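Structure, as structure tokens:
Throughout, read-outs are computed from the coordinates displayed, never taken from laboratory work. On a predicted model such as this, the values are computed, not experimentally measured, just so you know. Because the Cβ atoms are built from the backbone with ideal geometry, glycine has one as well, and the counts that use them run over all protein chains shown.
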Amino acid sequence: MQMTERGRAMWRMCLASAFRTALACTIVGSTTLYGPEWILRHVAFPAFSYVTVILIITDATLGDTLRGCWLALYATCQSVGPAIITLRLIGPARLTAGTTALAAALAAFVVVLPNGSTHLVAKRIALGQIVLIYVIAYIKGAETEPLMHPLRVAASTALGVIACVLALLVPLPRLATCEVKQSCKEIGQNVTTRVKLYTKAFCSDDSTSAMASVSQARELSRISSKLYQTIQRYKPSMKWERLPFKVWRWQNVNDNKGDKLQSMEIALRGMEMVVASKSPIPASLLAGEVKDGLKNMQERVILSVKRVNNTPQPSVTPETDLEKPDECLQTLQEFPEKPQDLPFYFFLFCLRLLETISIAKPEENKVKPEENKGSAKSERMSSWISDWDSKKVMPAIKLSLSLGLAIFLGSIYSKPNGYWAGLPVAISFAAAREATFKVANVKAQGTVIGTVYGVMGCFVFQRFLTVRFLSLLPWFIFSSFLSKSRMYGQAGGISAAIGAVLILGRKNFGQPSEFAIDRIIETFIGLSCSIMVELILQPTRAANVAKLELSRSFHALYECASLFGAKASKAEIMESQKKLRSHLKELRKFTEEAQAEPSFWFTPFNASCYEKLFKSLSKMADLLQFSGHAIGFLGEQGRSKSSQCKEILKDVDKDLKSLTESIGILSKSFEEITLLKSLDALEKALSKNDNSSWDIELGKTPNPSLALAESEPDKILETYLQHCRGVADGLFRVDEEKEGDEEVKVDKSEVVLSLSALGFCVERMGKETREIEEMVKEVVQSENPSSHVHLHEISCKIRSLYK
């Protein structure tokens with residue numbers, strides 16, 4: 001079977017990552033196994049050198065590694081300095097399993113508490129150092145030197161960091177700047193290819209070939225999303241490469257280029273919305289020279305996208321000049337007569353929007369230095385205060401308890417190997433919520449398979465230490481694929497890599513099989529402690545959190561829809577849409593987490609329904625964003641004659657306001673319905689007739705919503721189309737009356753496209769609202785299988801509780 005381009009790219013990436021990792025581990029191994037005596041005296045914990053390498057170098061660039069140097073230094077200051085003072089005060093000889101666990105737990109709490117201001121890698125390194133310092137001090141007892149022992153842990157960390165830097169420089173440095181530049185180039189090619197595919201599908205007379213083009217474009221869309229993730233992943237690393245290496249300034253890329261390319265996705269989603277709907281485009285609209293005009297317009301869009309990406313191109317001819325109006329658009333002088341014509345106009349609107357976004361200049365935020373300093377100080381102060389919020393403190397409490405309990409139980413089981421119970425908890429710390437059982441499962445599996453591979457390698461190559469090191473290379477390749485798989489992810493891949501390197505990269509640690517068994521048991525103890533603390537301190541299921549986030553998404557949709565009838569500013573609308581997409585992103589994350597968690601004795605999580613709701617809500621967010629762009633274009637055309645435009649556009653505003661109010665009322669009702677613990681709880685609250693006794697699992701909304709409205713999107717659309725014809729005629733009449741006055745001239749094609757796009761959005765929002773209503777009903781029914789679900793009745797009952 002022929003390998004795809006994506007498969008070849010995956011192989012290249014995994015081979016490069018494995019080579020860098022193997023090289024760094026070889027540097028550590030050569031130093032700790034064959035290095036001079038003075039180095040071996042100070043680098044007393046080669047195992048942690050390997051752990052540091054895996055934590056820093058996994059899928060890293062030179063910028064990541066340089067940042068890793070700073071993070072390791074910062075972590076060492078957090079852990080080693082206080083540990084020296086603590087060991088001097090307590091005395092290593094007086095340490096017991098309990099006091100060791102307590103000291104490590106308190107130190108971990110201090111490290112984790114600044115939740116948002118410290119990088120995750122720094123916390124993991126600091127926590128690993130804490131485990132080694134306190135547990136090994138307890139193991140050695142009076143033989144421990146309170147000063148030199150923590151410094152040896154710091155030296156072992158430093159060796160791992162130095163190995164990472166050297167590995168990233170050989171044979172050529174891997175630069176984050178180059179990664180971002182290459183990703184931007186590929187995204188530009190991806191965008192132009194998708195534009196061609198969508199236009200081909202739009203103009204195609206054969207539905208089969210059209211859907212084939214749509215399928216190709218969807219696959220490219222998934223690839224594009226991964227490329228955007230790559231840009232976001234490596235953007236912070238670019239700053240670290242610029243500081244010490246000014247000579248590479250020629251490789252810098254515009255930070256806004258990736259953002260501009262990503263902002264084009266909204267127009268591409270609109271084009272896909274048209275061609276994927278399988279709605280036939282009337283042949284009369286695509287007759288004559290329209291197809292040729294579409295192709296010319298497509299070339300203009302592709303040219304503008306290439307200019308964004310600084311792609312070399314032939315000299316621009318008058319036919320492809322970006323300032324020249326599209327002849328295809330200039331022919332659009334009449335508003336569509338039927339709703340079936342709206343997709344045609346909306347597709348052209350999306351092409352025009354794509355071109356507008358590509359040639360738009362980036363907005364600069366001009367802030368006075370004094371104001372900037374004041375706001376920075378206030379932000380730092382509020383950030384410091386917010387660290388003491390319960391949501392910030394809870395991760396620190398959970399980690400400290402998990403780590404202390406793991407060290408205590410691990411030391412009781414096996415004192416010489418007690419730190420292996422605490423290390424998995426320390427180096428796998430995650431600040432955000434994650435699927436506890438799934439992550440623990442993949443960590444355990446990764447540790448086991450890595451350890452087994454290490455034992456097999458020691459058995460086969462027990463007399464050849466160099467060959468044992470070489471056997472790590474294929475394992476690192478395998479671990480790289482594990483890290484990028486959906487089944488194991490980064491947690492499983494890192495655990496597998498560490499499990500093998502700790503056995504194959506060391507000597508004089510006893511029988512590998514005995515060491516492997518002890519480490520697997522200690523790892524199981526540590527992971528079990530993490531799960532137990534998670535269940536005790538955070539008993540809320542992921543399904544409940546997803547349910548709460550669904551309610552918050554409906555509230556964000558309500559706020560976003562309400563702004564369209566409130567004459568809000570562009571900044572307010574953009575902020576509301578950003579908030580809605582943020583909630584939808586969280587909804588998707590919690591839905592995946594809930595799907596991965598076991599149900600136990602609870603009601604099974606309806607993942608398919610939540611996924612459908614996420615897709616429908618995402619489409620609603622897109623449609624609202626398209627509406628905002630269309631209103632913005634209309635505002636630009638009517639800015640010069642405000643008095644006439646206000647009067648003419650009044651009816652259109654009423655239609656749009658009617659629909660958005662209907663969507664807002666429905667969203668508010670759905671928000672309250674999804675907050676209900678159960679319908680039985682609602683009935684009990686009604687029977688008691690006491691608002692304070694209404695038992696809602698996740699909170700009570702302060703503002704009561706109205707009854708569930710019966711929206712009539714078809715009637716609204718029909719009325720809207722009638723009003724739009726009047727708008728077009730009125731604007732054109734005003735334009736004719738003031739002919740010759742260029743300041744007040746209206747671009748008729750822009751008005752037609754914008755009004756048609758709004759009409760398309762009105763129609764689709766009505767359909768998506770009905771889909772959302774059906775999905776909400778299905779969710780409520782799955783949570784209340786023995787009850788008859790009627791959303792309007794439920795909404796009325798909820799409203800009665802607020803009286």
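With each label modelled as a point 7 angstrom along the Cα→C-beta vector, the C796-S215 pair spans 4.9 nm.
In terms of other Cβ atoms within 10 Å, T230, T540 run from fewest to most in the order T540, T230. The calculated FRET efficiency for the pair F602 and K570, based on their C-beta separation and a Förster distance of 35 Å, comes to about 0.20.
Order of S749, S551 from fewest to most other C-beta atoms within 10 Å? Walk me through the intermediate numbers first.
Details: S749 18, S551 22.
By the 10 Å Cβ count, ascending, the order reads S749, S551.
Packing, taken as the mean count of other beta carbons within 10 Å per residue, orders the peptides 170-180, 202-212 from highest to lowest as 170-180, 202-212. When peptides 784-792, 346-354 are sorted by average Cβ neighbour count within 10 Å, with the highest value leading, the order is 346-354, 784-792.
Simple spin-label estimate for T540 and A16 gives 4.1 nm between the two label positions (7 Å along the Cα-to-Cβ direction from each Cα).
Couplings for the stretch 543-554, taken from phi via the Karplus curve 6.51 cos²θ - 1.76 cosθ + 1.60 with θ = phi - 60°, read 4, 5, 5, 4, 5, 5, 5, 5, 5, 5, 5, 5 Hz in order; Gly and Pro are left as x.
For the stretch 585-633 versus the stretch 71-121, the spacing of their alpha-carbon centroids is 41 Å.
If packing is taken as the average number of other Cβ atoms within 10 Å across a peptide's residues, how do 574-585, 121-132 rank, most packed first?
Working: 574-585: 18.1, 121-132: 26.7.
Highest-to-lowest ranking by the protection proxy: 121-132, 574-585.
When each of W420, W475, W601 is scored by the number of other beta-carbon atoms lying within 10 Å, the sequence from fewest to most is W601, W475, W420.
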